[in-house]
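Take a look at the structure set out below.
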Amino acid sequence: MFELLAQTSLNAIYAASYISLVAVGLVLIFGVMGVINFAHGELFMAGSYVVVALYADRMVPFFVAVAAGLIFVGLLGLLMERALFRPLRDNPLGGLVASIGFLMVLQALAVLGFGVRMEHIPPVTQDVIRFADKISIPVARVYVIVTAFVMLSALWYFLKRTRFGWALRASAQDPEAAALQGISVTQTAMIAMFIGAGFAGMAGALTAPLISINPHMGHSVIITAFIVIIVGGVGSLEGAVLASVVYAFVHTFVTTFFDGVLADITGLALMLIVLIVKPTGLFGSADRA
Amino acid sequence: MLLELRDISVNYGKISAIRNISIGVPEGQIVTIIGGNGAGKTTTLRAMSGMLPLQGGEIYFDGKRVDGMAPHKIVAHGIAHVPEGRRIFPDMTVEENLRTGAFLRKDKDKIEADLEDVFNRFPRLRERRRQRAQTMSGGEQQMLAIGRALMSDPRVLLMDEPSMGLAPVIVEEIAVIIEEINQRGLSVVLVEQNAVLALELANYAYVLETGNMALEGPASELHDNEHVRAAYLGL
Ligand SMILES: Nc1ncnc2c1ncn2[C@@H]1O[C@H](COP(=O)(O)OP(=O)(O)OP(=O)(O)O)[C@@H](O)[C@H]1O
Ligand SMILES: [Mg+2]
């Protein structure tokens, strides 16, 4: 029994790490842009396809492909900011609708470029770290966990300790007051979009060798991310990370001990319970990033 | 004139909020704009810091035309704005709020000196420097908003109803601070509904009524004006 608990916990930590990357990006974009980015799951998908195109098809080293995924999807974020969210700055509902349109465009491009079939790409490494007879973790998953941890720490440092990080938080809390301090709200919006989208792309790129990739994979990603940020408290980055951990543990344990469908239902139920009992989220107050 | 508004008009959509307003702020002086609710005081101030587009007219700062510039560019020229309702960053600490005020500055040593200066001027901010700004009292938040504006090392300070919602002792404290800041050479544009306070502090005063300039003159003269006494001083 102990082995099973330990093994399931390791699996949950893996899930929590990439879910956090996605959810934190979504929260950051919401905080600074005031827009709920429905295309976030497709940004994840785009990151996976960068790894398909570079690592699987062109033999580019895996971590180079992951970095390319981060940058390419970050640039997609900049494109969204410039083409969609900037013209719609005073219209959050318009931004949301535009992001749904962008989602469909990305899906269509993925179908055009790669077809509708599932992609399975060669493993990065077959190595497994074995802690005990029935407790082990594939090194490919360790890569995901370590990278997520490093990137989230870097983001935390950026937001709390650097001048532009403060500017980002100030714009999230009060864009007009931020402008009065000399902060260019357009510039902070671009930074938020690059980081937010880039993190989603990186999560998709990192996990690409471990999941099945198809143009519609974004759906389940965005649903998970929505559950997580609602549970965590919509404006809170720390809440998003903590809620990712909670969600990943609940989901992984229910999947292991019961089944996957029940795990999805449990996740949704968790969100509903939080909405009823504490509408501001488990870790959030009414504040934003 | 350090700051000069020439004949400016501002609309919200089709509705005109202020019409043909001209205001001059001489270097080193306190100029006040008084008027009742909805007279257009905040609109005038927001136009000065670039947050509202002009329908007509021009704004000059230190001889340079600044209307049409983005707010973050105008701050760089030396115009700091303490907005109506304080608008501090609620989730940031007191110190982070203050340092955000210095966002555009590169002179590290001078920033530290100015921070020390703000803390000396507002000892309560020093005590609470690691506290989240949201958790502070109204008066402390107002002091933080003033301190944040000072951190940009401005030449003119625009203040929108700094006395609003504060107890009389705190208002008195803020009045003293405004005088001190001004004595250091900073020009001040003070928007107030509290006309008694404003006319006491200012060198020169403008009276706005429903978007039009009704009266202007040296503050001491307006203080003795029949209309001002009846409408704004309750005498
Ligand atoms: N965002 C807005 N949209 C439309 N009309 C506005 C807006 N802001 C202000 N107004 C209108 O413009 C006029 C001037 O408002 P303003 O806020 O400048 O007055 P004020 O003198 O600052 O008043 P108060 O003392 O109450 O703050 C008012 O009629 C107000 O209703
Ligand atoms: Mg006002």
(message) Condition (residue is under 30 Å from B:GLY147 (Cβ atoms) and buried (at least 24 other Cβ atoms within 10 Å of the Cβ)) applied to the range A:198-210: is it met by at least one residue?
(response) no
(message) Just the residues that are buried (at least 21 other Cβ atoms within 10 Å of the Cβ) and of a type in the set (Asp, Glu), please, taken from the range B:36-86.
(response) none
(message) List pairs: first residue in the range A:136-154 and touching a residue at least 40 places away in the same chain (Cβ under 8 Å), second residue among the basic types (Lys, Arg) anywhere in the structure, Cβ distance under 8 angstrom, at least six positions apart or on different chains.
(response) A:SER136/A:ARG130
(message) If I filter the range B:11-69 down to residues being away from ligand 2 (no atom under 16 Å from the Cβ) and hydroxyl-bearing (Ser, Thr, Tyr), which single residue comes out as nearest to B:ALA202 (Cα to Cα)?
(response) B:SER22
(request) Report, by residue number, each residue of the range B:36-68 that is more than 13 Å from ligand 1 (Cβ to nearest atom), without any contact (Cβ under 8 Å) to a residue 40 or more places away in the chain and of a type in the set (A, V, I, L, M). (result) B:VAL66
(message) With the structure loaded, tell me whether A:SER184 is surrounded by fewer than 24 Cβ atoms within 10 Å (Cβ to Cβ), farther than 27 Å from A:ALA46 by Cα and small (Gly, Ala, Ser) or whether it fails that test.
(response) yes
(request) For the range B:51-67, enumerate the residues that are touching a Gly at 6+ places or on another chain (Cβ under 8 Å) and over 14 Å from B:ALA17 (Cβ atoms). (result) B:PHE61, B:ASP62, B:VAL66, B:ASP67
(request) Kindly provide the set of residues from the range B:197-227 that are within 16 Å of ligand 1 (Cβ to nearest atom) and more than 11 Å from B:THR32 (Cβ to Cβ), ordered by number. (result) B:GLU209, B:THR210, B:GLY211, B:ASN212, B:MET213, B:ALA214, B:LEU215
(request) Could you check how many residues of the range B:10-35 are away from chain A (no Cβ under 14 Å), within 7 Å of ligand 1 (Cβ to nearest atom), surrounded by fewer than 21 Cβ atoms within 10 Å (Cβ to Cβ) and not aliphatic (A, V, I, L, M)? (result) 0
(request) Could you please find all residues in the range B:183-197 being within 16 Å of ligand 2 (Cβ to nearest atom) and modelled with pLDDT under 95? (result) B:GLU192, B:GLN193, B:ASN194, B:ALA195, B:LEU197
(request) Take the range A:138-163 and flag every residue that is within 12 Å of A:THR188 (Cβ to Cβ) and at the interface with another protein chain (Cβ under 9 Å from one of its Cβ atoms). (result) A:ARG163
(request) Mind listing whichever residues of the range A:164-188 are more than 7 Å from every other protein chain (Cβ to nearest Cβ) and within 20 Å of B:LYS108 (Cα to Cα)? (result) A:PHE164, A:GLY165
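With within 13 Å of chain A (Cβ to nearest Cβ), more than 16 Å from ligand 1 (Cβ to nearest atom), crowded, with 22+ Cβ neighbours inside 10 Å and assigned to a helix (DSSP H, G or I) as the only criterion, which of B:LEU125, B:LEU144 stands out? It would help to see each step written out before you state the result.
Working: B:LEU125 fails: within 13 Å of chain A (Cβ to nearest Cβ).
Within the list B:LEU125, B:LEU144, the selection yields B:LEU144.
Restricting attention to the range B:160-182, does a residue exist that is within 14 Å of chain A (Cβ to nearest Cβ), under 13 Å from the mean Cα position of the chain (by Cα), within 16 Å of ligand 2 (Cβ to nearest atom) and touching a residue at least 12 places away in the same chain (Cβ under 8 Å)?
Yes, the range B:160-182 contains at least one residue that is within 14 Å of chain A (Cβ to nearest Cβ), under 13 Å from the mean Cα position of the chain (by Cα), within 16 Å of ligand 2 (Cβ to nearest atom) and touching a residue at least 12 places away in the same chain (Cβ under 8 Å).
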(request) Go through the range B:111-125 and give me each residue that's at pLDDT below 95 and within 20 Å of A:THR162 (Cα to Cα). (result) none
(request) Check B:ALA80, B:ALA113, B:ALA102 and return the single one that is in contact with a strand residue (DSSP E or B) (Cβ under 7 Å, 6 or more places away or on another chain) and either farther than 30 Å from B:GLY56 by Cα or facing chain A (nearest Cβ under 8 Å) (or both). (result) B:ALA80
(message) Testing A:PHE131 on (1) away from chain B (no Cβ under 14 Å); (2) surrounded by fewer than 16 Cβ atoms within 10 Å (Cβ to Cβ); (3) under 21 Å from the mean Cα position of the chain (by Cα), one condition comes back false. Which one is that?
(response) (3)
(message) Looking only at residues that are at pLDDT 95 or above and buried (at least 21 other Cβ atoms within 10 Å of the Cβ) in the range A:85-101, which one is farthest from A:LEU210 (Cα to Cα)?
(response) A:PHE85
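The values are calculated or read from the model by the stated rules, or taken from the named source; none is laboratory data. Note that the structure is predicted; figures quoted are calculated from it, not measured. Here Cβ is always computed from backbone atoms with ideal geometry, including for glycine, and neighbour counts include all displayed protein chains.
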